[in-house]
Amino acid sequence: MNIRKSKNGDFLFYVAGGLLVLAFVLSWFVSSPSALEMLDYIGWIIWAVGIVLILLPLFVLHSKGRVEKRESFVHTKVLVETGIYAVVRHPLYLGWLLMYLAIIFWSQHWLTAIIGIAGMACVYLISKQEDQRLIEKFDDDYKRYMQKVPRMNLLMGIIRLVRRKKRE
């Protein structure tokens, strides 16, 4: 889904990207002196889940979204509601949020946490803008999809998917 449609969307996209890079680089230089090793391991698990959520849309949207051969995966022609998109509406953004969370867990430093939270807020706002853009593109179909599938709540998405499958 193409997030670079508006000037405001561009700004948030670049801010969020810059904050992610800053948080990552900063995590190499600062860490809490009382860092908990367990949080470091949890950070790696969160990072792995985030990477999967970032990569899945590439494959799902290319295979299900009727994307032209030389087009980016974001240029879908149809609304995709299967695969990871049956669980969350914005898996790529959720993966991006998890990258921030992983860095916060690795660093365990207040400065990295502040930068990470600011970046996470930007990504959340980007996902809200994306919902508006997709309503314009797919109209009532996307509104119905929004009622069924949460924006980025993975646990709620799994619960709703299981409930839908039981009803079918």
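The values are calculated or read from the model by the stated rules, or taken from the named source; none is laboratory data. Note that the structure is predicted; figures quoted are calculated from it, not measured. Cβ atoms come from the backbone with ideal geometry, glycine included; neighbour counts cover every protein chain shown.
Descriptive notes on the structure:
- Cβ-Cβ contacts under 6 Å between residues 6 or more apart (or on different chains), taken from a first residue in segment 8-29 that is under 16 Å from H109 (Cβ atoms) to a second residue that is surrounded by fewer than 18 Cβ atoms within 10 Å (Cβ to Cβ) and of a type in the set (A, V, I, L, M, F, W, C), are listed as L19/A118.
- Hey, V67 of a type in the set (A, V, I, L, M, F, W, C), over 19 Å from the mean Cα position of the chain (by Cα), modelled with pLDDT under 95 and within 30 Å of V162 (Cβ to Cβ) or not: yes
- Evaluation of H75 against (1) loosely packed, with under 12 Cβ neighbours inside 10 Å; (2) not in a helix (DSSP H, G or I) (one fails), failing number: (1)
- V67 falls short of the stated requirement of being among the aliphatic types (A, V, I, L, M), in contact with a Lys or Arg (Cβ under 9 Å, 6 or more places away or on another chain), assigned to a loop (DSSP other than H, G, I, E, B) and crowded, with 21+ Cβ neighbours inside 10 Å.
- Filter result (β-branched (V, I, T) and surrounded by fewer than 16 Cβ atoms within 10 Å (Cβ to Cβ)) within segment 50-64: I51, V52
- Residue within segment 125-141 that is among the polar types (S, T, N, Q), surrounded by 14 or more Cβ atoms within 10 Å (Cβ to Cβ), over 12 Å from the mean Cα position of the chain (by Cα) and closer than 30 Å to S32 by Cβ present: no
- Residues in segment 21-49 that are surrounded by fewer than 12 Cβ atoms within 10 Å (Cβ to Cβ) and either at pLDDT below 90 or not in a helix (DSSP H, G or I) (or both): W28, F29, P33, S34, L36, E37.
- Test for I103: is it without any contact (Cβ under 8 Å) to a residue 40 or more places away in the chain, out of contact with any strand residue (DSSP E or B) (no Cβ under 6 Å at 6 or more places or on another chain) and of a type outside the set (S, T, Y): no
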